[in-house]
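Just below is one structure, and these are the notes that go with it.
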Amino acid sequence: MKKRGRGIGCCLYGVGYGFNRPDHAAAYIEVADDGTVTILSGCCDMGQGSDTVLCQIAAEELGISYENVRIISADTAITPDALASTASRQTFVSGNAVKKAAQEVKKHLLKLAGELLSCDPESLTIQNGKVHSQENPDQSIEFSYLAREAHFRGKQFVALGWYDNTTADVDPETNQGDAYVHYIYGTQVADVEVDTETGEVTVLRVAAAQDCGKAINPQNVEQQIEGAVVQGMGYALMEEIILKEGKTLTPSFNKFLVPTSMDAPEIITYIVEDPDPKGPFQAKGLGEGPIIPTAAAIVNAIYDAIGARIKSLPVTPEKILEALSQKTS
């Protein structure tokens, strides 16, 4: 017999290191004489999309197209330190460093533009690759032309951005205080089907709602959530290290099972934007948060289906059958 159930899981996750641990990042931005921009950042993109996001932040701040920005990241010979790509921190910390560097470069470029246009630099803005006066939109010059003039005149076109996200420690006596600058929140609902004869669990669908502050790249956010759900499903149902007499009996992916694309359920994502004014364009970060509720949602759905609570992971068919046996005995 196959039974279906629905479960819910929730999470909060503190972004950054917190607890007074050093949490900073630096970034350089250079504007070439053709108007293209290069970011140097120590941030390591392991597939989470930080290179893309940092380029978007620079492009948005400088008012140019994303295609005109490139990044050199995690090259310890030339890039400034950004600490580790952990704690879901790089969008917030390195993103702010990149934004600060872009603001510094823009300040000097607009000062030069004011000289060229004979107007107050404070009245100038950069949009769609063009510098123009807010008071007189017809008074404008191309960003690429401005960059070339900056080079010819020996003006500043390189800047360093530094951002420190280090928080105060909690009170050592009460353990109270702001451990993190901010938190992200998430909720997931899982629908499962349990075969009570074999103990097999099939995850039918997962709906995942996740806060990330302002989503700088919504597609990236959706993909991060989807990957987290599949990985969380592996944690809930498959991944198990078995030891015997000090030896690992699951030393390869033949025995230590992880989900594949064939195992992925229907995943419905909901991006919840709770903007943080301290973040780059109000972003908080995402990273590890979405993986947290998945296992809880699946295990709760199994309980809803069979009426027996399983308290250890992964939930294997053997554990399902044992729980059903104990329930009926």
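Would you mind finding the one in F157, F152 that is farther than 23 Å from A25 by Cα and of a type in the set (F, W, Y)?
Values: F157 fails: farther than 23 Å from A25 by Cα.
Being farther than 23 Å from A25 by Cα and of a type in the set (F, W, Y) holds for just one of F157, F152, which is F152.
Within segment 104-122, track down each residue that is small (G, A, S) and either surrounded by 15 or more Cβ atoms within 10 Å (Cβ to Cβ) or modelled with pLDDT of 95 or more (or both).
Kept after step one, since they are small (G, A, S), are these residues of segment 104-122: 113-114, 118.
Of everything in segment 104-122, those that are small (G, A, S) and either surrounded by 15 or more Cβ atoms within 10 Å (Cβ to Cβ) or modelled with pLDDT of 95 or more (or both) turn out to be A113, G114.
Just the residues that are within 30 Å of V93 (Cα to Cα), small (G, A, S) and not in a helix (DSSP H, G or I), please, taken from segment 287-324. Quick ask: steps written out before the conclusion?
Initially, segment 287-324 is screened for residues within 30 Å of V93 (Cα to Cα), giving 287-296.
Next cut, small (G, A, S) only: 287, 289, 295-296.
Selection gives G287 alone.
Among the residues of segment 1-31, those identified as among the hydrophobic types (A, V, I, L, M, F, W, C), surrounded by fewer than 20 Cβ atoms within 10 Å (Cβ to Cβ) and assigned to a loop (DSSP other than H, G, I, E, B) are M1, F19.
One residue stands out among those in segment 36-83 that are over 15 Å from F281 (Cβ atoms) and among the charged types (D, E, K, R): the one that is surrounded by the fewest Cβ atoms within 10 Å (Cβ to Cβ), which is E67. The set of residues from segment 123-144 being part of a helix (DSSP H, G or I) and either buried (at least 16 other Cβ atoms within 10 Å of the Cβ) or among the charged types (D, E, K, R) (or both) comprises F143, S144. Scanning segment 3-23 for residues that are farther than 17 Å from Q188 by Cβ and out of contact with any helix residue (DSSP H, G or I) (no Cβ under 7 Å at 6 or more places or on another chain) turns up G14, Y17, G18, F19, N20, R21, P22. Hey, does segment 109-116 have a residue that's in contact (Cβ under 8 Å) with a residue 40 or more places away in the chain and not basic (K, R)? Scanning segment 109-116 turns up at least one residue that is in contact (Cβ under 8 Å) with a residue 40 or more places away in the chain and not basic (K, R).
Starting from residues that are in a helix (DSSP H, G or I) and charged (D, E, K, R), keep the ones in segment 145-186 and report whichever is farthest from G35 (Cα to Cα). Quick ask: steps written out before the conclusion?
At the first step, the residues of segment 145-186 found to be in a helix (DSSP H, G or I) are 145-152.
Checking the rest, the ones that are also charged (D, E, K, R) come to 148-149.
On the way: R148: 7, E149: 10 Å.
Across segment 145-186, the extreme among qualifying residues is E149.
Scanning segment 204-234 for residues that are in a helix (DSSP H, G or I), in contact with a helix residue (DSSP H, G or I) (Cβ under 8 Å, 6 or more places away or on another chain) and surrounded by 18 or more Cβ atoms within 10 Å (Cβ to Cβ) yields a count of 7.
The values are calculated or read from the model by the stated rules, or taken from the named source; none is laboratory data. Not measured: the values here are computed from a predicted model. Virtual Cβ from ideal backbone geometry, glycine too; neighbours counted across all protein chains shown.
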